[in-house]
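Right, one structure below, let's go through it.
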Amino acid sequence: MSFSIDHKSSLPLHAQVEQLLRELIASEEYRKGKFLPNEISLAKQLGISRNTVRQATNKLVYEGLLVRKKGVGTQAAGNSVDTRINNWLSFTQEMKSKGIQIRNFEISTEWIEAQDEIAQFFRIQPGKKILKMTRLRGRMEYPFVYFISYFHPMVGLTGDEDFTKPLYEILEKEHSVIAKLSKEEISARAADKFLAQKLKINTGDPILKRKRYVFDPGSRPIEYNIGYYRADSFIYTIESERDV
């Protein structure tokens, strides 16, 4: 198989390699365990340095999407529906990397007045207008997550963007806003009538609540997100390594 990138593109080479690798590991043959081309071979095919390939590969290893096996090679990580504490890509990118086709059951946006908790996080006055987006998403057969996102006014979103695309890709490419840091709170709760209806489960069934605070490189808040997941369809994995 031959690979190529656009050397005349304004997109950095390492970012193009990263996108190429994401597409590879989302394909069926690589999801089944096929090893990626080694860094030297790929660098030669693309006409770039090995360090550029290594930079892109390291990022995907850090995100938990690739696994290096010393003396053997690099391959895609397992494709179960889970998310890792160090892997906070947009939901679309997370699922695409695992080969899972996602359906958007509902997407809506509206401008609302910021309530106290959200206003405090965004460091704005309560009552200031902010964009709220809700999305019901899941497998083709049924929804398994209901998202509510609030965005700081400085981000520049209008509500008319194509939110079927990866969110952080929209922010970076269309508004020059880069999501750098994510802080999360995870809890369990019982589904109320509203969430049960959205997620096609029974009232009282267990669900996972994930609250995410997202910041740009200057530590400025850009998104306040809450996700409600069906407990029977989602696993949240935390991986820690002790210094020795």
Suppose we filter F151, F163, F194, F147 for residues that are surrounded by fewer than 13 Cβ atoms within 10 Å (Cβ to Cβ) and aromatic (F, W, Y); which single one remains? F194
If I go through the stretch 88-117 residue by residue, how many of them are outside any loop (DSSP other than H, G, I, E, B) and either touching a helix residue (DSSP H, G or I) at 6+ places or on another chain (Cβ under 7 Å) or modelled with pLDDT under 95 (or both)? 11
Note: among L21, L66, just one is in contact (Cβ under 8 Å) with a residue 40 or more places away in the chain and under 18 Å from S9 (Cα atoms), namely L21
Here is a check on your reading of the model: is K165 on the phi > 0 side of the Ramachandran plot and of a type in the set (D, E, K, R)? no
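Can you find a residue that is among the hydrophobic types (A, V, I, L, M, F, W, C), over 28 Å from R210 (Cβ atoms) and at pLDDT 80 or above anywhere in the stretch 47-62?
At the first step, the residues of the stretch 47-62 found to be among the hydrophobic types (A, V, I, L, M, F, W, C) are 48, 53, 56, 60-61.
Imposing the further condition that a residue be over 28 Å from R210 (Cβ atoms) reduces the set to 48, 53.
Still in the running and at pLDDT 80 or above: 48, 53.
Within the stretch 47-62, one or more residues are among the hydrophobic types (A, V, I, L, M, F, W, C), over 28 Å from R210 (Cβ atoms) and at pLDDT 80 or above.
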Of the residues that sit in the stretch 147-180 and are within 16 Å of P217 (Cα to Cα), assigned to a helix (DSSP H, G or I) and at pLDDT 90 or above, which one is farthest from the chain's Cα centre (by Cα)? M154
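Yes/no matrix, rows are residues, columns are (1) touching a residue at least 24 places away in the same chain (Cβ under 8 Å); (2) closer than 18 Å to I102 by Cα:
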{"position": "E141", "(1), (2)": "no, yes"}
{"position": "F147", "(1), (2)": "yes, yes"}
{"position": "P166", "(1), (2)": "yes, yes"}
{"position": "I186", "(1), (2)": "yes, no"}
{"position": "K200", "(1), (2)": "yes, yes"}
{"position": "R210", "(1), (2)": "yes, no"}
{"position": "Y213", "(1), (2)": "yes, no"}
{"position": "N225", "(1), (2)": "yes, no"}
Hey, any hits in the stretch 15-26 for a residue that's touching a strand residue (DSSP E or B) at 6+ places or on another chain (Cβ under 7 Å), under 24 Å from P166 (Cα atoms) and not β-branched (V, I, T)? no
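Kindly indicate which of L195, L167 is closer than 17 Å to D232 by Cβ, among the hydrophobic types (A, V, I, L, M, F, W, C) and in the same structural domain as R123 (by TED's automatic domain parsing). Break it down into steps so the answer makes sense when it comes.
Details: L167 fails: closer than 17 Å to D232 by Cβ.
That would be L195, the only listed residue that is closer than 17 Å to D232 by Cβ, among the hydrophobic types (A, V, I, L, M, F, W, C) and in the same structural domain as R123 (by TED's automatic domain parsing).
Suppose we filter the stretch 132-143 for residues that are modelled with pLDDT of 95 or more and either among the β-branched types (V, I, T) or surrounded by 20 or more Cβ atoms within 10 Å (Cβ to Cβ) (or both); how many remain?
At the first step, the residues of the stretch 132-143 found to be modelled with pLDDT of 95 or more are 132-136.
In the following step, the residues that additionally are either among the β-branched types (V, I, T) or surrounded by 20 or more Cβ atoms within 10 Å (Cβ to Cβ) (or both) were identified as 133-135.
The number of residues fulfilling the criteria is 3.
The values are calculated or read from the model by the stated rules, or taken from the named source; none is laboratory data. Being a predicted model, the structure only gives us computed values, none of them experimental. Every residue, glycine among them, receives a Cβ derived from its backbone with ideal geometry; neighbour counts consider all protein chains shown.
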